[in-house]
1. Which one is farthest from the other protein chains (Cβ to nearest Cβ) among residues in the stretch A:87-98 that are open to solvent by 30 Å² or more (accessible area, probe 1.4 Å) and within 8 Å of the chain's Cα centre (by Cα)?
2. Does at least one position in the stretch A:20-30 carry a residue that is under 17 Å from A:SER141 (Cβ atoms), of a type outside the set (Asp, Glu) and surrounded by 13 or more Cβ atoms within 10 Å (Cβ to Cβ)?
3. What about A:ILE118, is it within 17 Å of the chain's Cα centre (by Cα) and in a strand (DSSP E or B)?
4. Within the stretch A:67-86, restricting attention to residues that are of a type outside the set (Lys, Arg) and in a loop (DSSP other than H, G, I, E, B), which residue is surrounded by the fewest Cβ atoms within 10 Å (Cβ to Cβ)?
5. Are any residues in the stretch B:159-176 facing chain A (nearest Cβ under 9 Å), open to solvent by 50 Å² or more (accessible area, probe 1.4 Å) and either under 17 Å from the mean Cα position of the chain (by Cα) or without any contact (Cβ under 8 Å) to a residue 40 or more places away in the chain (or both), and if so, which ones?
6. Quick one: how many residues across the stretch B:1-34 are free of Cβ contacts under 8 Å to residues at least 40 places away in the same chain, surrounded by 15 or more Cβ atoms within 10 Å (Cβ to Cβ) and touching a strand residue (DSSP E or B) at 6+ places or on another chain (Cβ under 8 Å)?
7. Does B:SER52 fit the bill of being open to solvent by less than 20 Å² (accessible area, probe 1.4 Å), of a type in the set (Ser, Thr, Tyr) and under 17 Å from the mean Cα position of the chain (by Cα)?
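The values are calculated or read from the model by the stated rules, or taken from the named source; none is laboratory data. These numbers come from a predicted model, not from an experiment. Don't worry about glycine lacking a Cβ; one is built from the backbone with ideal geometry, like all the others, and counts go over all protein chains shown. Accessible surface areas use protein heavy atoms only, side chains included; no ligands, DNA or RNA. Shrake-Rupley method; radii C 1.70, N 1.55, O 1.52, S 1.80 Å.
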Amino acid sequence: MNPIQPLDTERLRLRLVERADAPALQALVSDRRIAETTLNIPYPYPESGAVDWITRVLERREQGQADCSFVILRRSDNVLLGAIGIHPDDAFQAEIGYWMGVPYWGQGYMTEAARRVIQFGFEALELNRIRAWYFTHNPASARVMQKAGMTFEGIMRQHYVKWNKFVDVGCYSILRSEYEAQRQMD
Amino acid sequence: MKDFPTLETERLRLRRFELADAPIVQTLLNDPDVTGNLLEASLPFSLEDACSMITTSHATFEAGTGWAFAVTRKSNDDLVGYCDIQLQCEHQRGAITYWIGRPYWWQGYATEAAKKVVRFGYEQLGLNRIYAYVLQRNTASAHVLQKAGLIREGTLRQSILKAGVFEDVDFYALLREDWLTEG
């Protein structure tokens, strides 16, 4: 597989995560509010957490697996804002997962990144369906999914235990047919 | 080794699978009307596939992560189908699946088995949530889930590729709190 070139948007650049990203990732992802709003990020975040995650990503990539874990950079100053990944599994579908550093919330960056990754999923990865999950206690993430053109599919009630509490998981997806119709409208 | 539980209902006995069940499992599953409705089975279904399913059921039981029952008729010991519950222990939830061989359809066996396994999941396994995925076109199976107390939570659109067609999958669930009050 050819290396994936960075994906640009108006304000952002998404590029495959590299070892040198560890300190910037670690500083942002260890905020409690990131763990609170994501499915699988723990708090307290381990000291070597970012390094370990990058190592696992690079191992998968070296084994030739389709791993599309991107860091989100701001093009104006090259600052690392967050991360987004698109992870294909069977049946021509993939799940996207993302987080945005707390200092950069509320500026539409996440939506901009999600839209670009969805485009990448349909055009480069030739997927048929892209899905995303969120905790219902984090409606901001649902709004990102809506603004990225995804459709609400339902709520898996008490599907996760997060910090000793049962939490509801909301499901969104976008289908290739919907993506193509939206492109026509744009 | 722990003892595998045997569950009884009015007409059924749900017991551990034995390798000796493999030929009948293969016969019942090697049927497009049965596998065509399942999320994770495809034809041809060989004897080796049946043996592998049975040994996997023993392994998940030993690991404490899954209970797969042979659904048999008490009256004559006929093996009529399959019902299981697979756990995600850290989230205190279990997913149920089931199938009934075509000669035994339309007699309410799936409902009887599923209800019993749901009860087992709450009373014996202490689960908080029991859920299931079903092809949207499989209305008979949706009725089984509803009769077992699960309600539809949503639809994962085009989330499975079956015989070259993307199909919608509904997800159903029953929460412990609702099971206790509706008991």
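1. A:TYR98
2. Yes: the stretch A:20-30 contains one or more residues that are under 17 Å from A:SER141 (Cβ atoms), of a type outside the set (Asp, Glu) and surrounded by 13 or more Cβ atoms within 10 Å (Cβ to Cβ).
3. Judged against the criteria, A:ILE118 is not a match.
4. If we filter the stretch A:67-86 for residues that are of a type outside the set (Lys, Arg), which is where we start, we get A:67-73, A:76-86.
Going one step further and asking which of them are in a loop (DSSP other than H, G, I, E, B), we end up with A:67, A:76-79.
Details: A:ASP67: 20, A:SER76: 8, A:ASP77: 6, A:ASN78: 8, A:VAL79: 13.
Filtering first and then ranking leaves A:ASP77.
5. Scanning the stretch B:159-176 gives B:LEU161, B:PHE166.
6. Matching residues across the stretch B:1-34 total 0.
7. no
The rows are residues; the columns are (1) surrounded by fewer than 21 Cβ atoms within 10 Å (Cβ to Cβ); (2) at the interface with chain B (Cβ under 10 Å from one of its Cβ atoms); (3) at pLDDT 95 or above.
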{"position": "A:LEU127", "(1), (2), (3)": "no, no, yes"}
{"position": "A:VAL144", "(1), (2), (3)": "no, no, yes"}
{"position": "A:VAL161", "(1), (2), (3)": "yes, yes, yes"}
{"position": "A:ILE174", "(1), (2), (3)": "no, yes, yes"}
{"position": "A:GLU180", "(1), (2), (3)": "yes, no, yes"}
